[in-house]
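The values are calculated or read from the model by the stated rules, or taken from the named source; none is laboratory data. Here the structure is a predicted model, which means the values were calculated and not measured. Cβ sites come from the backbone with ideal geometry, for glycine too, and all protein chains shown count toward neighbours. Ligands, DNA and RNA are excluded from the accessible area calculation, which covers all protein heavy atoms including side chains. Shrake-Rupley method; radii C 1.70, N 1.55, O 1.52, S 1.80 Å.
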Amino acid sequence: MNAPLFGAAALNQKLVGEPASRALLETPAAVLDLDLFEHNIALMAETCRKAGLNLRPHAKSHKCAEITRRQIAAGALGNCCAKPGELLALFEGGVRDLLLSAPIASPVKIEALARAAAAGGRIGVVVDRADLATAYAEAARRHGTVLDVFVDLDVGLKRSGVATPGEAVELARLVSGLAGLRYRGVQAYQGRVQHIDDFAARRAANQEMGRLLASMLDALREAGLAPEIVSGGGTGSHLLDGEDRLLTEI
């Protein structure tokens, strides 16, 4: 790997391998314990493999292409990202399978995501409304590409997503009929579950989420729109999601 030329990384390059140099680092600088880092990557990958689940870690905490590459080498599909800027930075860093996990509104960002797909990325996006699906489709067609699309389901977070089985079917049907889009499935994220300390209470909250998700999945299947991918979960619920078997991707 070439040494960086500019920024804090360049200022810190001379400290790499130097004993007791942590206190001398120019900030901001990401510092990690390599043994624990490698252990955690391997453990999560193996846990998901045993549960029969695909793994797509979230990049919002590390924002680092090298970490993503190591996660993929351990078995992850790619990364999901909270913002287009994170996704595009990882794409420029060589990561090609990326999911933007939040609906957006900016035409400029929609255009940039379509350009990344046209440049060889497998770019997934989530939609929670018809006009966003249409905007993605138009951008994809302009660039001669296809975007993978997930219908965003509100399973209790009340932040984004359609909230009823009927709305899920309506939006999935629209997506599946738009040139430039590839309907892949749904995203069902309940962030509050991740932060419940008591494990029994966390299990109960996750099961409540699961009942709502199951009703939406049933409606989609009955409408001939069975999702290939059901994406969701997180660090706090991955063991529960492995038991519940509703998600296909953590």
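Take the residues in segment 61-103 that are more than 14 Å from the chain's Cα centre (by Cα) and not small (Gly, Ala, Ser); name whichever of them is nearest to Ser160 (Cα to Cα).
Once the filter is applied, the top-ranked residue is Cys64.
I'd like the full set of residues that are within 25 Å of Ala82 (Cβ to Cβ), touching a Pro at 6+ places or on another chain (Cβ under 7 Å) and without any contact (Cβ under 8 Å) to a residue 60 or more places away in the chain, limited to segment 178-216.
Val186, the sole residue that qualifies.
Looking at segment 51-72 only, could you name the residues that are farther than 16 Å from Gly233 by Cα and either part of a helix (DSSP H, G or I) or charged (D, E, K, R) (or both)?
Passing the criteria: Lys63, Ala65, Glu66, Ile67, Thr68, Arg69, Arg70, Gln71, Ile72.
So that you can scan it fast, the table gives a plain yes or no per residue for (1) over 21 Å from the mean Cα position of the chain (by Cα); (2) within 16 Å of Pro227 (Cα to Cα); (3) surrounded by fewer than 21 Cβ atoms within 10 Å (Cβ to Cβ):
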site: Glu170; (1), (2), (3): yes, yes, yes
site: Arg173; (1), (2), (3): yes, yes, yes
site: Ala188; (1), (2), (3): no, yes, no
site: Ala204; (1), (2), (3): yes, no, yes
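Filter segment 147-164 down to the residues that are touching a helix residue (DSSP H, G or I) at 6+ places or on another chain (Cβ under 8 Å) and surrounded by 19 or more Cβ atoms within 10 Å (Cβ to Cβ) and list them by number.
Leu147, Val149, Val151, Leu153, Val155, Gly156, Val162
Any residue at all in segment 11-19 that's small (Gly, Ala, Ser) and in a loop (DSSP other than H, G, I, E, B)?
yes
Going through segment 112-137 one residue at a time, which ones are buried (at least 17 other Cβ atoms within 10 Å of the Cβ) and among the acidic types (Asp, Glu)?
Scanning segment 112-137 gives a single hit, Asp128.
Here are the criteria: (1) touching a Phe, Trp or Tyr at 6+ places or on another chain (Cβ under 6 Å); (2) buried (at least 24 other Cβ atoms within 10 Å of the Cβ). Tell me which single one Ala140 does not satisfy.
So Ala140 meets the others, but not (1).
So which of Gly85, Gly75 is surrounded by fewer than 18 Cβ atoms within 10 Å (Cβ to Cβ) and either of a type in the set (S, T, N, Q) or in a loop (DSSP other than H, G, I, E, B) (or both)?
Residue meeting the stated conditions: Gly75.
Search segment 65-89 for residues that are free of Cβ contacts under 8 Å to residues at least 24 places away in the same chain and pair each with any residue that is β-branched (Val, Ile, Thr) and outside any helix (DSSP H, G or I) when their beta-carbon atoms are under 7 Å apart and the residues are at least 6 apart or on different chains.
From residues that are free of Cβ contacts under 8 Å to residues at least 24 places away in the same chain, the pairs are Asn79/Val95.
How do the helices (runs of 4 or more DSSP H) wholly within segment 147-250 filter down when requiring 1 or more residues that are modelled with pLDDT under 95: which remain?
Of the helices (runs of 4 or more DSSP H) lying wholly inside segment 147-250, those with at least 1 residues that are modelled with pLDDT under 95 span 199-222, 238-244.
Among (1) within 18 Å of the chain's Cα centre (by Cα); (2) open to solvent by 30 Å² or more (accessible area, probe 1.4 Å); (3) touching a residue at least 12 places away in the same chain (Cβ under 8 Å), there is one condition Lys50 misses while meeting the rest; what is its number?
Among (1) within 18 Å of the chain's Cα centre (by Cα); (2) open to solvent by 30 Å² or more (accessible area, probe 1.4 Å); (3) touching a residue at least 12 places away in the same chain (Cβ under 8 Å), Lys50 violates only (1).
Could you list all residues from segment 89-111 that are open to solvent by 10 Å² or more (accessible area, probe 1.4 Å), outside any strand (DSSP E or B) and in contact with a Lys or Arg (Cβ under 9 Å, 6 or more places away or on another chain)?
Correct list: Ala89, Gly93, Gly94, Arg96, Ser101, Ala102, Pro103, Ile104, Lys109, Glu111.
Quick one: would you say His238 is within 23 Å of Leu53 (Cα to Cα) and surrounded by fewer than 15 Cβ atoms within 10 Å (Cβ to Cβ)?
No: the conditions fail for His238.
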